[in-house]
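Values in this text are rule-based calculations from the coordinates and carry no lab data. Keep in mind that what you see is a predicted model, and the values were worked out from it rather than measured. All Cβ positions, glycine included, derive from the backbone under ideal geometry; neighbour counts span all protein chains shown.
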Amino acid sequence: MEVIDEIVKIIRSEERFLIVSHIRPDGDSIGSQIALLCILEEMGKRCVIMNEEMPPKNLSFLPCLERIKSPKDGEYGATIILDANEWDRLGKRTRALVEKQKTRLNIDHHLGGGIGDVVWSDKGFSSCSEMIYELSTRLNVEMDEKKALLLYTGIATDTGFFSYVNTSPKSLIVSALLLGFGLSCEKIKERLYSTKSVEEVRFSARVLSNISEKDGVVWIRIPKQMIDELGFEPEVDSILDETRKINSCKVTVLLREIGRNRTKVSFRSKEGVDVAQVAKMFGGGGHLQAAGCVIDLPMTEAEKEIEEKLRIKDK
């Protein structure tokens, strides 16, 4: 029996579900969670979504965001962990809740192992949303415009709108089928990426004016003071995408100071450079060309450690 068949069997037999995903939610995690909720409720199941953090504002156009709640104690027939393959990625409160549950299913497409009792992990899928599409076909639940919007958003954001290495013929076919439910790819992209204020654009310009490049590695540094002055959590994916356009760039490293001795790191790469392996050295993970981690060091020291690991990896 394939793992997906085992998951289908459990879903058909259980009645109450808890659906969780990773901290710092994105288009794929939120899209796949709400789409799965819709699928299960159409089957007559009772479901709740609980996340450590609420969705970013650029996903405000997605339906049913009000169904996402903060972690709260309770018992469920089965818990489904989406788009995460490490316990720490769930956040402290969500992890504590999930660890108490009796049946935990993990559906994920990242490199690495998995968490829970039944693990469907397949890096051959572009995104968790693509996996939920496959699951919906196995459950014989019909697609509609709402679920199509959620799943298309997840696939599109995780593939960089079909420009990253995880874009496959299958992900393009699935996306084309989803667009067939009346979606506008132009409007979805605009809603996702045309949401910045003047202050955010100025912030991005300030950050980009201080980048440096050495041996094919572009370094972006964001001190906590800059974020404090902005007054809210900035969106940085567009900054990362901008530096990937530099012709000498093979790897981009964005360092964001989140505490006195704590640095959040985001990696992007080109030409098949595996940044997930670098992130894993620091307890993080991700995709071949997009990964991240948190390092318990000041930003300058974290940069030195990363530079050393990148040097070793190149040997």
Task: Options (1) 16.2; (2) 17.0; (3) 15.2 - which one matches mean projected area of the Cα convex hull in nm² as calculated here - done: (1)
Task: Given Lys45/Lys147; Lys92/Lys187; Lys57/Lys100, the pairs whose alpha carbons are separated by over 28 Å - done: Lys92/Lys187; Lys57/Lys100
- [ ] Could you work out how far apart the two model spin labels at Phe61 and Asp5 are, taking each label as a point 7 Å from the Cα in the direction of the beta carbon, and quote it in nm?
- [x] 4.1 nm
Open item on the list: Going by Cα centres, segment 74-147 and segment 1-28 are how many Å apart?
Closed with: 4 Å
Open item on the list: Counting only other residues whose beta carbon sits under 12 Å from that of Leu178, what net charge do I get with K and R as +1, D and E as -1?
Closed with: -1
Task: segment 162-238: radius of gyration over Cα atoms, expressed as a fraction of 2.2 N^0.38 Å - done: 1.52
Task: Cross-link reach list, lysines versus Lys309, counting only Cα pairs under 18 Å and skipping chain neighbours closer than eight places - done: Lys214, Lys250, Lys264, Lys270, Lys280
Open item on the list: Taking 45 Å as R0, compute the FRET efficiency from the Cβ-Cβ separation of Lys72 and Ala205 and round it to 0.05.
Closed with: 0.65
- [ ] Rounded to the nearest 500, what is the 222 nm mean residue ellipticity of the chain from helices alone, with -39500 (n - 2.57) per DSSP H run of 4+ residues and division by all residues?
- [x] -12000 deg cm²/dmol
Task: Packing-based ranking, highest mean first, of 217-225, 104-112 given that Cβ atoms within 10 Å are counted - done: 104-112, 217-225
Task: Sites Ile173 and Asn261, calculated FRET efficiency, Cβ-Cβ separation with R0 41 Å, nearest 0.05 - done: 0.30
Open item on the list: Sort 139-147, 73-81 by the packing proxy (mean of other Cβ within 10 Å over each peptide's residues), most packed first.
Closed with: 73-81, 139-147
TODO: Could you please report the charge total around Lys146, scoring K, R as +1 and D, E as -1 over all other residues with beta-carbon less than 13 angstrom from its beta-carbon?
DONE: -3
Open item on the list: Just to be sure I follow: if Rg is taken over the C-alpha atoms of segment 23-126 and Rh is the Kirkwood radius over the same atoms, what is Rg/Rh?
Closed with: 0.93
Open item on the list: Can you give me the angle between helix 3-13 and the longest principal axis of the chain, using Cα atoms only, in degrees from 0 to 90, rounded to the nearest 10?
Closed with: 50 degrees
Open item on the list: Contact order normalised by length for segment 198-314, with contacts defined as Cα pairs under 8 Å and 6 or more residues apart; what percent is it?
Closed with: 19 percent
Task: Principal-axis tilt of helix 27-42 within the chain, Cα atoms, nearest 10 degrees - done: 10 degrees
